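Derivation of every value follows stated rules applied to the coordinates shown; laboratory data play no part. Small disclaimer: the values here were computed from a predicted structure and weren't measured. Neighbour counts run over all protein chains shown; Cβ positions are idealised from the backbone, glycine included.
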Amino acid sequence: MPLEDAHGRAVTGIRVSLTDRCNFDCVYCHNEGLGDTRGPMDPQDEEMTADEVIRLLDVVREFGVETAKFTGGEPMLRQDLVEIVRRAPDGMEVSMTTNGTFLPDRAAALADAGLERVNVSQDAVDPDAFAELTRSGAYDKVIEGVEAALGAGLAPVKLNMVVMEPTAGYVPQMVDHVAANDGLQLQLIEYMPEIAGHPEWAIDIDRVHDWLADRADRVERREMHGRRRYYVGEDADAETPTIAAGDPDGPAAEYGMVEIVDPVENAEFCANCHRVRVTHDGQFKGCLNRHDDHRAMGEMSREEIRTAFRETVASRVPYYGEYLVEEDGEWVRNDRYVDQPISTADDD
């Protein structure tokens, strides 16, 4: 059975950062891009080895963790990524978030190794806008990578778009893009100033919800985080086809699925968080928004991993609604955590 924290949240998923390196330098990312475009390479000294990653996954699988997502930085900068995916525990669903630049050459091998899903970061469908946001000229490579993922059977491919002032104007184009292309879905991620800074870039995400509600042919609500999903056809005025029961994504050929991830000041979101994170250098992290809850796994023996995982789960608290509480319309630190510093989280 999965471990539960003191707030009744069972931990069923884990996000594992394989590296903090990235070949992009996105304007909204606090972690400066390294500009290393030589391609996949061996793990760096501070990064977990493939054996350590697999040992970690084996241990958390003992505790009922069902899903693992590999992240970064850019996880495909790891030469041993295919090996890691292939060696993941039986019965554990393995997915990845990537910028897509290395998918053209590696999507098929990753799918053969057992990768089940892939999220590709894409904030615009216009090459110039994409270059301005990512400080990269790799737009064509990313599009090719999405096509390679679809060709490898990794459909649906979910496109991740961070919604903020510099990108909000591109949302309609991105929605049209997924509606017109079979096998694509769109995940609109609310910009989080707590992590990336630039509070002036934050927008009222309810504006996006309202716009999609008017545009969508069908709206559903997911159990996870209470997220809303909007199904948008190529013709918003077309007759709504029936979506089969038990098919949460609907018929991909007829609908573009758009989902909003809106964690900012959202206590319901935090109350339904069921995952922990692992940094590239082998530390558990119970909350994305916090930087004061890391727990090292020592030499990463199985017993050290078990101990650190138990402690991490036991100490998890919802960020909004517990670590921060609302007073007079403002979110303030809960007195019981006043001695724990708030600082900027990393991309792990």
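Remarks
- Net length available on complete extension from Glu4 to Glu83 is 25.4 nm, with 0.36 nm assigned per residue and the Cα-Cα distance removed.
- Cysteines having no other Cys beta carbon under 4.7 Å from their own, within the chain: Cys22, Cys270, Cys273, Cys287
- Ranked Thr12, Thr19, criterion: other C-beta atoms within 10 Å, fewest first: Thr12, Thr19
- Taking all pairs of distinct alpha-carbon atoms in segment 104-148, Kirkwood radius in angstrom: 11.5 Å
- Cα-based equivalent ellipsoid of the chain: semi-axis lengths in Å, sorted from largest, via gyration tensor: 30, 25, 21
- Percent RCO, i.e. relative contact order, over the chain, from Cα pairs under 8 Å lying at least 6 residues apart: 19 percent
- Of the peptides 145-158, 55-68, 82-95, the ranking by mean beta-carbon count within 10 Å, highest at the top, reads 145-158, 55-68, 82-95.
- 222 nm mean residue ellipticity, helices alone, for the chain (DSSP H n ≥ 4; -39,500 (n - 2.57); rounded to 500): -8000 deg cm²/dmol
- Label-point separation in nm, Thr12 to Glu303, each point 7 Å along Cα→Cβ: 3.2 nm
- Annotation: the antiparallel percentage among DSSP beta bridges lying fully within segment 13-270 is about 20.
- Taking label positions 7 Å along the Cα-Cβ direction at both Glu46 and Asp126, the computed distance is 3.7 nm, reported to one decimal.
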